[in-house]
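Q: Before I ask anything, let me first share the structure, which is written out below as structure tokens.
The values are calculated or read from the model by the stated rules, or taken from the named source; none is laboratory data. Everything quoted here is computed from the prediction, not taken from an experiment. Backbone-built Cβ (ideal geometry, glycine too); neighbour counts: all protein chains shown.
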Amino acid sequence: MINISSMFAKSPFKPLRDHMNKVVECVVPLKEFFEALNQRNFVKVVEIQQQISLAEEEADLIKNEVRNHLPRNIFMPINRSDLLEMLDMQDTIADVAQDIVELLALRRMSLPTELRQDLILFVEKAQSVCYMAQGLSEEFGDVLESGFGRHEIKKLLAMIDQVSSAETEADDLEDALVRRMFEVEDKMKPVDVMFWYEVFEWIGDLADYSKKTGSRLRLMIAQN
């Protein structure tokens, strides 16, 4: 079992970074999942769904260990409540990834051909925002080790701005995809349109919660 107290004694942010790495494991297979769904390769769809569900369970284990063992009286340069809020934001990314694949593995919906490439591009953008958020976790460790050095903070703030910009691009792709779907909805079952609209929002949430982790980091920096 992970000794969380020992990890925090060495680095206040390391357990959150380890958790984020596991969260990203839930995001990595999503493009392949949607490609398999488009090809109606349901054996592959279920295989990836199980892979993501396992990674989400492992992320939950790390999350619970952090919550249960984060020392209350250890000196840290950041607030305990901020760390826990950051943890919840990261964990939501894993939860959303699991929600996406579980729904689609169950309903086995596919989009009209005209929308499939746009969907893949949207998924790729959402994934990229998650990867950028993972990079923020790594960089924040350098900020802590530098004692909140000015150069390290400047670099991290620039990275946070880049995450925010990328999330806006993901929003734009989502809006365009929704409009495109409504243009061809006559080819789709009405209930599928409703479910796909929900899926698109969830994919957007992957980017949104990645952005929120950056916003939380910005607040942490402002408090020091």
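Q: In the list 161, 95, 99, 118, which residue meets the criterion of being free of Cβ contacts under 8 Å to residues at least 12 places away in the same chain, out of contact with any Pro (no Cβ under 8 Å at 6 or more places or on another chain) and of a type in the set (D, E, K, R)? Working first, answer last.
A: Values: 95 fails: free of Cβ contacts under 8 Å to residues at least 12 places away in the same chain; 99 fails: free of Cβ contacts under 8 Å to residues at least 12 places away in the same chain; 118 fails: free of Cβ contacts under 8 Å to residues at least 12 places away in the same chain.
Among 161, 95, 99, 118, only 161 is free of Cβ contacts under 8 Å to residues at least 12 places away in the same chain, out of contact with any Pro (no Cβ under 8 Å at 6 or more places or on another chain) and of a type in the set (D, E, K, R).
Conditions tested, residue by residue: (1) over 12 Å from the mean Cα position of the chain (by Cα); (2) of a type in the set (Ser, Thr, Tyr); (3) closer than 13 Å to residue 46 by Cα.
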residue	(1), (2), (3)
101	yes, no, yes
105	yes, no, yes
117	yes, no, no
120	yes, no, no
125	no, no, no
131	no, yes, no
134	no, no, no
137	yes, yes, no
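Q: Right, next: Does segment 204-220 include one or more residues that are among the β-branched types (Val, Ile, Thr) and at pLDDT 95 or above? Break it down into steps so the answer makes sense when it comes.
A: Of the residues in segment 204-220, the ones among the β-branched types (Val, Ile, Thr) are 213.
Keeping just the survivors that are at pLDDT 95 or above gives none.
No, the conditions are met nowhere in segment 204-220.
Q: Please enumerate the residues belonging to segment 179-224 that are free of Cβ contacts under 8 Å to residues at least 24 places away in the same chain and over 21 Å from the mean Cα position of the chain (by Cα).
A: Across segment 179-224, the qualifying residues are 179, 182, 183, 185, 186, 189, 190, 191, 193, 194, 222.
Q: Still on this structure, I have one more. Which fully enclosed helices (runs of 4 or more DSSP H) of segment 1-41 have 3 or more residues being modelled with pLDDT of 85 or more, surrounded by 16 or more Cβ atoms within 10 Å (Cβ to Cβ) and touching an Asp or Glu at 6+ places or on another chain (Cβ under 8 Å)? Walk me through how you get there before you give the answer.
A: Numbers: elements: 4-10, 14-27, 30-38.
Once the helices (runs of 4 or more DSSP H) in segment 1-41 are filtered for at least 3 residues that are modelled with pLDDT of 85 or more, surrounded by 16 or more Cβ atoms within 10 Å (Cβ to Cβ) and touching an Asp or Glu at 6+ places or on another chain (Cβ under 8 Å), what remains is 14-27.
Q: Within segment 56-67, how many residues turn out to be surrounded by fewer than 21 Cβ atoms within 10 Å (Cβ to Cβ) and in contact (Cβ under 8 Å) with a residue 12 or more places away in the chain?
A: Within segment 56-67, the subset surrounded by fewer than 21 Cβ atoms within 10 Å (Cβ to Cβ) is 57-58, 60-61, 64-65, 67.
If we keep only those that are in contact (Cβ under 8 Å) with a residue 12 or more places away in the chain too, we end up with 58, 60, 65, 67.
Residues that pass the stated criteria total 4.
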